[in-house]
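Read through the structure below, which is laid out as structure tokens, and then see the notes.
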Amino acid sequence: MKKIKLIIAVVAMLSLVSSSAVYAGSFAAGEGLYLGAFVGMNTGIVQPKVATDTSAENVGHPDNTFEATEGGLGLEGFEGGGLVGYGYKMGDLYAGIEGEWASGDTEFKLTSTGDINISSQNSGVLGGGLDDDGRRQYTITAGTVVSAEKKWTGGMSGRIGYYLNPSTLFAVRGGVLVSKFDVKYGTEFSETFYGGGPSVGISMESQLSAIDPNLNLRIGAVYTDYLTAPVSGIGTMVETGETGSVTNSEITGSGMAARVGLTYSFFDANSLF
């Protein structure tokens, strides 16, 4: 419901701007100061890597690396958000800068039809009782075993483009986006991670002159590389390996979003001079 309210608020703001008289004449697509709103489908993958480094005290257990080298855990869901930017039209060429924020329900879940029992030689790692060998025990009940949800994404991008005709702009973008992820392991452990990195995208924007010459329809796609982040644990579950070894975990991944939205130009800084 919060996501729907956000989109409604942005559209309402666009409507207020549209009804104002702060501009003189009309703007080309993407020109001047503009506000926008969009909805879309977001997909992606997360690729985990776990490496065990064996010390001299445990030479009987060689180093091991477990890694998703092909594919990964799939993310999918819907998103919606808003943007603000400023662009310059230079003949048939275009240059601008844009900031955005989006929220949605992009996530993945791993489920199990039965309970899963976890044990550790480190008594400080898990809750629960001890087994006959002195290992700390924890049980994840049947249902969702692991889940990760992308709560929001925000960042800035630069844009360059070319006007295919007086009312249509084709543009490419490049910048940095940061996302917040909530990760849960069963019902006991949870943690928040922030993944961000370079982002690129393309868009096609065209005037809706029949409604308002400053209102534009935009379609496009955005790709983001979340880079690689170390994971030291989830909540109170710290990383550990067998006696004499240390487990190092990393996650990396990427996301792709396909979007459709509206933008409205309403102010030109040149009008101040």
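Restricted to region 47-69, and to residues there that are in contact with a strand residue (DSSP E or B) (Cβ under 6 Å, 6 or more places away or on another chain) and part of a loop (DSSP other than H, G, I, E, B), the residue that is modelled with the highest pLDDT is Ala68.
I'm checking my understanding of the structure. Among residues of region 106-136 that are of a type in the set (S, T, N, Q) and part of a loop (DSSP other than H, G, I, E, B), which one is modelled with the highest pLDDT? Among residues in region 106-136 that are of a type in the set (S, T, N, Q) and part of a loop (DSSP other than H, G, I, E, B), the one modelled with the highest pLDDT is Thr113.
Please go through region 187-212 and pick out each residue that is in contact (Cβ under 8 Å) with a residue 60 or more places away in the chain and crowded, with 17+ Cβ neighbours inside 10 Å.
Going through region 187-212, the residues in contact (Cβ under 8 Å) with a residue 60 or more places away in the chain turn out to be 188, 205-207, 212.
Hits for region 187-212 are Glu188, Glu205, Gln207.
In this structure, Ser103 qualifies as in a strand (DSSP E or B), at pLDDT 75 or above, closer than 30 Å to Glu31 by Cβ and touching a helix residue (DSSP H, G or I) at 6+ places or on another chain (Cβ under 9 Å). Filtered by the rule that a residue be free of Cβ contacts under 8 Å to residues at least 60 places away in the same chain and either within 30 Å of Gly91 (Cβ to Cβ) or outside any strand (DSSP E or B) (or both), region 137-174 gives Thr141, Ala142, Gly155, Met156, Leu164, Asn165, Phe170, Val172, Gly174. Within region 70-100, being among the acidic types (Asp, Glu), modelled with pLDDT of 95 or more and more than 18 Å from Ala37 (Cβ to Cβ) holds for one residue alone: Asp92.
Restricting attention to region 71-92, the residues that are in contact (Cβ under 8 Å) with a residue 40 or more places away in the chain, among the charged types (D, E, K, R) and more than 22 Å from Gly175 (Cα to Cα) total 1.
Selection over region 215-244 of residues that are buried (at least 18 other Cβ atoms within 10 Å of the Cβ) and modelled with pLDDT under 85 gives a count of 4. Looking only at residues in region 140-153 that are touching an Asp or Glu at 6+ places or on another chain (Cβ under 7 Å) and surrounded by fewer than 16 Cβ atoms within 10 Å (Cβ to Cβ), the one that is modelled with the highest pLDDT is Lys151. Quick one: would you say Ser249 is farther than 30 Å from Val39 by Cβ, modelled with pLDDT of 65 or more, surrounded by 14 or more Cβ atoms within 10 Å (Cβ to Cβ) and in contact with a strand residue (DSSP E or B) (Cβ under 8 Å, 6 or more places away or on another chain)? When the stated conditions are applied, Ser249 passes them.
The values are calculated or read from the model by the stated rules, or taken from the named source; none is laboratory data. Worth saying up front: this structure is predicted, and the values here are computed from it rather than measured. Here the Cβ is made from the backbone with ideal geometry for all residues, glycine too, and neighbour counts use every protein chain on show.
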